[in-house]
Amino acid sequence: MSADLLVLLIVIVTALAFDFTNGFHDTANAMATSIATGALRPRVAVAVSAVLNLLGAFLSVAVAATVAKGIVRLDAVQGEALIVIVFAGLVGGILWNLLTWLFGLPSSSSHALFGGLIGATIAALGWGGVIWAHGADGVLTKIVLPALLAPIVAALVSAIGTWGIYRVTGNSDPDKVNEGFRWGQIGSASLVSLAHGTNDAQKTMGVIFLALVAHGTLTKNDEMPLWVMAACAVAIAAGTYLGGWRIIRTLGKGLVEIDSPQGLAAESASAAIILTSAHFGLPLSTTQTATGSILGTGLGKGAEVRWGVMGRMTVAWLLTLPLAGLAGASCWAIAHVIGGLPGVLVVFALLIALSSVMYLRSRRDPVDTGNVNEWPGDTPDAGTEVAKDAMPVVEDGERDVSAGSPAPETANRSAQV
């Protein structure tokens, strides 16, 4: 096996590793509210999300084309130099994803990837190597502008939707309303998962396409290979099934106490915005969209919002592009100074070492299906009426009778799956 081919294989493996981290980092975007309200059990939720992410990855390649051709000036770099840029950008994106996951911060996996690629490109080619603006294309138009607008639009849409729901159902039996909306959440959360696959899985497809163009396997005008689509779909689905419980807890319980009507409004707003962006080839941050939708439901209902948590999320959003870019630039510098295959291997070893450190650190304070709905500092009876009435779920899927679960005849009427 030649050194060039080995480098290409390492880059493809790293790209799929990023796709895997994207999956478990962003599971919360689709399923946090359904898990929080009890519409879906945690393991059922991530399984449904994984399957629909897999299917969604095959629905469109518009976002993949934007990533593959809309960030790096392909006429300014080629061959091994482009492969190293792509590799360094991926490593920067993975490290930022894992760091924010460790702290339970729902930052944007998309912006982590873009930041890593932009940082590596600037380090290698200078500012001119990045397509900042080119008509309707470029980083500013396709990445920065949607990043600013998505959470605002999502919050506005979900706030209006939540307000309307409570106006219509205000005189109805609260128990029946909550039960009905829990069933509705199964559909809306599934739609978000499908939308996530159409957007996020394609970003990694675009990166692998870049690497294949650099290697000479493809030209920039070729179609996306089916094996690339399939590999990325499987990787993001596997990551989704793993379940990013730390981030699910933050979105489901940390920002706003959510009941099922709010959950349906948030998920519907997120799905509509993500699917629209995928249609127009905008590599939108699904994390920022989902967070904005959840925030909007709190505002629409007039519920308490934990603004401190929102503040930490916002800081993470603002830091994602520059710090992932710094990580990508640093990885490129290390690989460039050492040179060739040894440089790539050193950076790959560094990625494995730092990833292992963060994983081991996370084991000191584990979050899983048993405590994903427990926000630190909350009292057992805190939260909304829905939180009080929701049936506790434990790891093996049995109801915890000692915690006050409803009588069997009541439990059977629940929409919880």
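The values are calculated or read from the model by the stated rules, or taken from the named source; none is laboratory data. Note that this is a predicted model, so its numbers are computed, not measured. A quick note on method: Cβ atoms are made from the backbone with ideal geometry, for glycine too, and the neighbour counts reach across all protein chains shown. Heads up: the accessible areas ignore ligands, DNA and RNA and are worked out on the full protein's heavy atoms, side chains in. Shrake-Rupley method; radii C 1.70, N 1.55, O 1.52, S 1.80 Å.
Here are a few things to note about the model shown:
- Rounded to the nearest 20 debye, dipole of region 219-350 from Cβ charges on Lys, Arg, Asp, Glu: 340 debye
- Solvent-accessible surface ranking, highest first, for 358, 205 at 1.4 angstrom: 358, 205
- On full extension, the segment bounded by residue 132 and residue 4 gains 43.1 nm, given 0.36 nm per residue less the C-alpha separation.
- Nonpolar atom fraction for the chain, defined as the carbon and sulfur part of the 1.4 Å probe accessible area, stands at 66 percent.
- Gyration tensor verdict on region 87-141 (Cα atoms; rounded if a/c is under 1.5, prolate if a/b is larger than b/c, oblate otherwise): oblate
- Applying the criteria of a DSSP loop state and at most 12 other Cβ atoms within 10 Å to the trypsin sites (Lys or Arg not before Pro) of region 1-93 yields no site.
- Residue-averaged 222 nm ellipticity for the chain, from DSSP H runs of 4+ at -39500 (n - 2.57), nearest 500: -23500 deg cm²/dmol
- Accessible surface, per residue, of the chain when the full set of protein chains is kept, probe 1.4 Å, Å²: 40 Å²
- Cα-based Lys pair tally, the chain, threshold under 27 Å, eight or more apart or on separate chains: 12
- For region 296-385, GluC sites (Glu not before Pro) are listed when DSSP marks them as loop and at most 15 other Cβ atoms sit within 10 Å of their Cβ; the list is 304, 374.
- Net +/- balance of residues flanking residue 98 in space, Cβ distance below 12 Å, scoring K and R +1, D and E -1: +2
- Within region 281-365, trypsin sites (Lys or Arg not before Pro) in DSSP loop having at most 13 other beta-carbon neighbours inside 10 Å: 363, 364
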